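See structure below.
The values are calculated or read from the model by the stated rules, or taken from the named source; none is laboratory data. Predicted model, so just to flag it, every value in this text is computed and none were measured. Reconstructed Cβ throughout: ideal geometry from the backbone, glycine too, with neighbour counts over all protein chains shown. When the accessible area is computed, the model is the full protein with side chains, heavy atoms only, and any ligands, DNA or RNA have been set aside. Shrake-Rupley method; radii C 1.70, N 1.55, O 1.52, S 1.80 Å.
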Amino acid sequence: MEIHYRQILDITHDGINYLDSNEQTQKISFIECRKNWVALCNETDGINRTFEDSFCVGWRDWFSQPQYFEFFSEPKVKVIFPYRKNLFSIFRNDRKKIRNEFIKLQWKIIDCGHTTYDLG
């Protein structure tokens with residue numbers, strides 16, 4: 001599932017509340033994401049991680065188009081940061097605005113005691 005970063009309502013230590021396409025409030029649970037992250041890593045790389053050892057809740061990619069965070073909830077939720085590159089967006093400094101929003105989300109996740117894996 002994909003959502004626009006503007007659909008995020010708030011971020012707490014428990015997770016991210018956002019509006020889905022039906023304007024209903026949904027939640028990404030950081031605990032669920034951590035459990036799923038640990039299971040995925042143990043399955044793929046053979047390192048025996050535990051829930052207590054990992055605070056990762058997803059991954060992010062600034063170099064993708066559009067830039068995104070993907071959380072390991074069930075189902076996975078991808079938060080995208082789209083912008084169109086054209087003459088007007090250059091004058092409005094859209095890329096810088098998007099970068100600031102991307103970094104703001106990253107720091108809010110960190111402030112809540114969690115991390116995301118950098119794919120870039």
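Right, Phe81: closer than 21 Å to Lys108 by Cβ, touching a helix residue (DSSP H, G or I) at 6+ places or on another chain (Cβ under 7 Å) and not hydroxyl-bearing (Ser, Thr, Tyr) or not? Yes. Scanning the stretch 46-58 for residues that are open to solvent by less than 60 Å² (accessible area, probe 1.4 Å) and in contact (Cβ under 8 Å) with a residue 40 or more places away in the chain turns up Cys56, Val57, Gly58.
Selection of the stretch 97-120 for residues being open to solvent by 100 Å² or more (accessible area, probe 1.4 Å) and modelled with pLDDT of 95 or more yields Trp107, Asp111. Of all residue pairs spaced 6 or more apart or on separate chains, those with beta-carbon atoms under 9 Å, a first member in the stretch 94-114 that is small (Gly, Ala, Ser) and a second member that is open to solvent by 40 Å² or more (accessible area, probe 1.4 Å) are Gly113/His13; Gly113/Phe55.
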